[in-house]
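J.: Here it is, the structure in full.
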Amino acid sequence: MSEQPAPGRQPVTPQGADALRAYAAHQRSNAEELAAVLEDIAAHGLPDPDSTTPWEVVRDRRLAELAAGRGHVA
């Protein structure tokens, strides 16, 4: 797809455009997932706190994944 930039804008490379579209798709997916969760809460109420994972546990798990991916502790 060979789109011309709008007047006063700098063109991006085809690879850059592809990367931007991929990022937009990822963000759209994240937004749709969040919207689904919020709609579920609106329809069915908040989940029982005893059946959920505390945010601290989720945070620590994610930090451990990131540290493992980098090869050293953050």
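J.: Taking the simple approach of a point 7 Å from Cα along Cα-to-Cβ for both residue 37 and residue 63, what is their distance in nm?
T.: Rounded to a tenth, the inter-label distance reads 1.9 nm.
J.: While we're here: Mind checking the per residue accessible area of the chain for me, 1.4 Å probe, whole number of Å²?
T.: In whole numbers, the chain has 92 Å² accessible per residue.
J.: Whenever you get a sec, compute what percent of the accessible area on the stretch 14-66 sits on carbon and sulfur atoms (1.4 Å probe).
T.: Answer for the stretch 14-66 is 61 percent, counting heavy atoms of protein chains only.
J.: Also, I was wondering about something else. Across the stretch 10-24, in residue order, what do the Karplus-derived ³J(HN,Hα) couplings come to in whole Hz, using 6.51 cos²θ - 1.76 cosθ + 1.60 with θ = phi - 60° and x for Gly and Pro?
T.: 8, x, 10, 5, x, 5, x, 5, 4, 5, 5, 5, 5, 5, 4
J.: Work out the FRET efficiency for residue 46 and residue 70 from their Cβ-Cβ distance, taking R0 = 35 Å, and round it to the nearest 0.05. Working shown, then result.
T.: On the way: r = 35 Å, r/R0 = 1.01.
In this case the efficiency is close to 0.50.
J.: Using only Cα atoms, what Kirkwood radius does the chain have, in angstroms?
T.: 16.7 Å
J.: How much net charge surrounds residue 64 when only other residues with a Cβ under 14 Å from its Cβ are counted (Lys, Arg +1; Asp, Glu -1)?
T.: Surrounding charge for residue 64 is +1.
The values are calculated or read from the model by the stated rules, or taken from the named source; none is laboratory data. Note that this is a predicted model, so its numbers are computed, not measured. Please note: Cβ atoms are built from the backbone with ideal geometry, for glycine as well, and neighbour counts cover all protein chains shown. These accessible areas exclude ligands, DNA and RNA; they are computed on the full protein's heavy atoms, side chains included. Shrake-Rupley method; radii C 1.70, N 1.55, O 1.52, S 1.80 Å.
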